[in-house]
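The values are calculated or read from the model by the stated rules, or taken from the named source; none is laboratory data. All of these numbers come straight from a predicted model, not from anything done at the bench. Cβ placement follows ideal geometry from the backbone for every residue including glycine, while neighbour counts extend to all protein chains displayed. Heavy atoms of the whole protein, side chains included, go into the accessibility calculation; ligands, DNA and RNA do not. Shrake-Rupley method; radii C 1.70, N 1.55, O 1.52, S 1.80 Å.
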Amino acid sequence: MVKLTLAELQTRIEARKAELGLTDTPASTEALRNQGANRTPEKRELLRRIEQRAKAAGRTPPRAHF
């Protein structure tokens with residue numbers, strides 16, 4: 001078994017993303033995001049509650065399509 005530190009893992013991930021031509025721009029991230037067309041009602045409710053809790057805590061909720 002190979003043990004990696006989080007820093008080593010991050011370095012490998014960044015190298016792989018560069019190799020694949022992936023970039024971390026808002027537009028590319030949004031293109032990869034699940035658009036929610038096939039979400040179950042349970043998942044939609046979960047995402048709605050996450051958004052409510054984040055707003056109640058004064059935080060920006062994660063972007064989600066539901």
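Here is how the numbers come out for the structure above:
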| quantity | calculated |
| --- | --- |
| Residues of the range 1-51 that turn out to be closer than 30 Å to PHE66 by Cα and of a type in the set (A, V, I, L, M), as a count | 10 |
| Tally of residues being exposed (fewer than 10 other Cβ atoms within 10 Å of the Cβ) and not in a helix (DSSP H, G or I) across the range 10-22 | 1 |
| Of the criteria (1) open to solvent by 100 Å² or more (accessible area, probe 1.4 Å); (2) over 18 Å from the mean Cα position of the chain (by Cα); (3) of a type in the set (S, T, N, Q), which one ASN38 fails | (2) |
| Candidates ARG44, ARG53, ARG48, ARG33, filtered to the one that is out of contact with any helix residue (DSSP H, G or I) (no Cβ under 8 Å at 6 or more places or on another chain), open to solvent by 90 Å² or more (accessible area, probe 1.4 Å) and on the phi < 0 side of the Ramachandran plot | ARG53 |
| From THR5, THR60, residue being open to solvent by 90 Å² or more (accessible area, probe 1.4 Å) and β-branched (Val, Ile, Thr) | THR60 |
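One line per residue, one yes/no per condition, for (1) of a type outside the set (Ser, Thr, Tyr); (2) in a helix (DSSP H, G or I); (3) in contact (Cβ under 8 Å) with a residue 24 or more places away in the chain:
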position: GLU8; (1), (2), (3): yes, yes, no
position: THR29; (1), (2), (3): no, yes, no
position: GLY36; (1), (2), (3): yes, no, yes
position: LEU46; (1), (2), (3): yes, yes, no
position: GLN52; (1), (2), (3): yes, yes, no
position: PRO62; (1), (2), (3): yes, no, no
